Amino acid sequence: MITDIKLSYYPGCTLKTKARNLEEAALGALTALGIEYQELERWNCCGAVFSLADDDLIHHLAPVRNLIRAAQQGSDTIVTLCSQCYNVLSRANQLVREDETKRKTLNDFMTEEPDYNGEVEVTHLLQLLRDRVGWETLRSKVKRPLDGLKVATFYGCTLIRPESVAINGPSPEIFEEFLRALGAEPVPFSAAQECCGSYQSVANPDAASDRAAKVLRSVQASGADALVLSCPLCEYNLGTRQGEILERIEDAVPIPSFYFTQLLAVALGLEPELCHLELNGEAALKLLKAREYIAAAPA
């Protein structure tokens, strides 16, 4: 059991609705690994995008308030699952720590909140598994090794950009190390660090579809059995909308997509219900059953 940190968990908005398959698998895995956590009380949306305007401090209030909530719980670390949430919280924390003038303005504005000076560390679950659990310990906890499963690891944008908050520097390997610990085989592909289309799905859907098609075309060419990711927006473009996107690819076949937490829960031998695989589409469930990583329903 990990007892050397006081850990707050920040869920973010989507994980309580459309991305329950990301959250519930993760929380089950944390419990199975003996990691104690406390969900953040009175959490609010992080804002989803870090504002780059130099004079736009109002948009930093939301993520900083979440960091204040973690400090109020007595936590020294806050963990999140969503790539976007991780990025926004990390960059807001960095701003508070490094810019004294902006930190003072933010604290002065939030008159009903205690001052925040960057006391809390922001971490992504993949980092927590690597740095606090360790890959060898994780490997020892695996009950259903994902032997023979070839997985394309999609980092996308916000896990690795900007470099100052990247989960593993400019040449990430953390996803690959995670999969090897589960027994799976990570498969490289050329679009692993490209944008999936993200918010352009609303403003410019054709451009977003072109971006997503490029990623899926690259995954298909790699020979991977499945795609794994961490971001609900990426899942929407590469998973939920996949049928539509594949129409742009010649000789395309469905590519099962999973959140990394779902593969973690499956490998730890947790109940498949925790993974909410019904939200992933038929191809994902069919693959796991065919490989006998989860039991098929009795005839």
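Filter the stretch 223-256 for residues that are open to solvent by less than 80 Å² (accessible area, probe 1.4 Å), outside any loop (DSSP other than H, G, I, E, B) and more than 16 Å from Phe154 (Cα to Cα) and give the result.
Gly243, Ile245, Leu246
Quickly run through the stretch 103-122 and pick out the residues that are open to solvent by less than 20 Å² (accessible area, probe 1.4 Å) and not in a helix (DSSP H, G or I).
Met110, Tyr116, Gly118, Val120
I need the full set of residues from the stretch 78-94 which are assigned to a helix (DSSP H, G or I), open to solvent by less than 30 Å² (accessible area, probe 1.4 Å) and not polar (S, T, N, Q), in order please.
Once the filter is applied, which keeps residues that are assigned to a helix (DSSP H, G or I), open to solvent by less than 30 Å² (accessible area, probe 1.4 Å) and not polar (S, T, N, Q), the stretch 78-94 yields Cys85, Tyr86, Val88, Leu89, Ala92.
Looking at (1) closer than 27 Å to Ser164 by Cα; (2) among the β-branched types (Val, Ile, Thr); (3) open to solvent by 30 Å² or more (accessible area, probe 1.4 Å), find the lone condition where Thr137 falls short.
It fails just one condition, (1).
Determine, yes or no, whether Ala181 is closer than 30 Å to Trp135 by Cα, open to solvent by 20 Å² or more (accessible area, probe 1.4 Å) and in a helix (DSSP H, G or I).
So Ala181 does not fit the description; no.
Please determine, by comparing only the residues of the stretch 25-77 that are of a type in the set (Gly, Ala, Ser) and under 17 Å from the mean Cα position of the chain (by Cα), which one is surrounded by the most Cβ atoms within 10 Å (Cβ to Cβ).
Restricting to residues being of a type in the set (Gly, Ala, Ser) and under 17 Å from the mean Cα position of the chain (by Cα), the top hit is Ala25.
Listed here are the residues, each with its yes/no results for (1) in contact (Cβ under 8 Å) with a residue 12 or more places away in the chain; (2) under 27 Å from Tyr236 (Cα atoms); (3) in a strand (DSSP E or B).
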residue	(1), (2), (3)
Cys46	yes, yes, no
Asp55	no, no, no
Arg65	yes, no, no
Arg69	yes, no, no
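Can you name the number of the only condition in (1) open to solvent by less than 10 Å² (accessible area, probe 1.4 Å); (2) outside any loop (DSSP other than H, G, I, E, B); (3) hydrophobic (A, V, I, L, M, F, W, C) that Leu159 fails?
Result: Leu159 fails condition (2) only.
The values are calculated or read from the model by the stated rules, or taken from the named source; none is laboratory data. What you see is a predicted model, and the numbers here were worked out from it, not measured in a lab. When we count neighbours, we look across all protein chains shown, and the Cβ atoms used for this are built from the backbone with ideal geometry, even at glycine. Calculation scope for accessible area: heavy atoms of the full protein, side chains included, ligands and nucleic acids excluded. Shrake-Rupley method; radii C 1.70, N 1.55, O 1.52, S 1.80 Å.
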